[in-house]
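Here's the structure we're looking at; comments come further down.
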Amino acid sequence: MSFLEVRDVTKSFGGLTALTHVTFSVNQGEILGLIGPNGAGKTTLFNVVNGFYPPSRGDVFFKGDKISHRKPHQICKLGIARTFQVVKPLQRMSALDNVMASAFLRAKTRAEAEAIALEAMQFTGLYGDRKVISKGLPLGKRKRLEITRALATRPEMMLLDESFAGLNPSEQNEVIDIIRKVKAQGITIMVIEHHMKVIMSISDRIVVLNYGEMIAEGTPKEIGNNPVVIQAYLGEAQNA
């Protein structure tokens, strides 16, 4: 049984079809990269998986249970957390309070939520910024805060939507280290990313979307040398 299974998912918005018959699975404990040109349907797919959009056709299964028509908070409670391409922290609240808000998904008391939040902030290197008002954090730390908030829900799987966008090389390396630590904790990850060196270095497998259709699936090496993917997206072969 696959940990997560996307089965024949189609998503239409009026006359626009954003996803067409997309089918793939994610194995427990792996990092699956999701790549493709802008407008390929990557974020729409995340929105279907975590319940923001119901599929027009097809289903999503998590640990064997159909989740495709459940609400986002229900899916999060089941163990799937996500980050967003455009980070939107609770700007007037401290970084700690932001993470505590997520921790209350599992915590029954404020003390328990704070303990979960502080543990997550230690894990991602944000403990020293716990009292900083979130709108005052630079982009790199706001991206890490987004990951920390997702971790505070105690997930079994994380959906990371362009967590590297806008980061300098040093910040990218910090996030790579965090993602590898997350995987080492046994958490399954699906990640959308346009930085090919990043996605090739962290992914166990990669799925490629183009115009809402899945055009390839394989290891980073296979994807980096796939002529269909090179023509549609990469432009040249990638060394994995």
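The values are calculated or read from the model by the stated rules, or taken from the named source; none is laboratory data. Worth saying up front: this structure is predicted, and the values here are computed from it rather than measured. Backbone-built Cβ (ideal geometry, glycine too); neighbour counts: all protein chains shown.
Taking the criterion of being part of a strand (DSSP E or B), in contact with a Ser or Thr (Cβ under 9 Å, 6 or more places away or on another chain) and of a type outside the set (A, V, I, L, M, F, W, C), the residues of segment 39-76 that qualify are ARG57, GLY58, ASP59. When the residues of segment 62-114 are filtered to those that are small (Gly, Ala, Ser) and out of contact with any helix residue (DSSP H, G or I) (no Cβ under 8 Å at 6 or more places or on another chain), which remaining residue is nearest to THR148 (Cα to Cα)? Among those that are small (Gly, Ala, Ser) and out of contact with any helix residue (DSSP H, G or I) (no Cβ under 8 Å at 6 or more places or on another chain), it is GLY79. Selection of segment 157-191 for residues being touching a residue at least 24 places away in the same chain (Cβ under 8 Å), surrounded by fewer than 18 Cβ atoms within 10 Å (Cβ to Cβ) and not in a helix (DSSP H, G or I) yields ALA165, GLY166, ASN168, GLY186. Could you please find all residues in segment 1-35 being in a loop (DSSP other than H, G, I, E, B) and of a type in the set (Ser, Thr, Tyr)? If the condition is that a residue be in a loop (DSSP other than H, G, I, E, B) and of a type in the set (Ser, Thr, Tyr), then SER2 is the only one that fits. Here LYS131 clears all of (1) outside any loop (DSSP other than H, G, I, E, B); (2) of a type outside the set (S, T, N, Q); (3) outside the structural domain of ILE31 (by TED's automatic domain parsing); (4) without any contact (Cβ under 8 Å) to a residue 60 or more places away in the chain except the condition numbered (1). Considering each residue of segment 103-110 in turn, at least one proves to be aromatic (Phe, Trp, Tyr), over 24 Å from VAL6 (Cβ atoms) and surrounded by fewer than 17 Cβ atoms within 10 Å (Cβ to Cβ).
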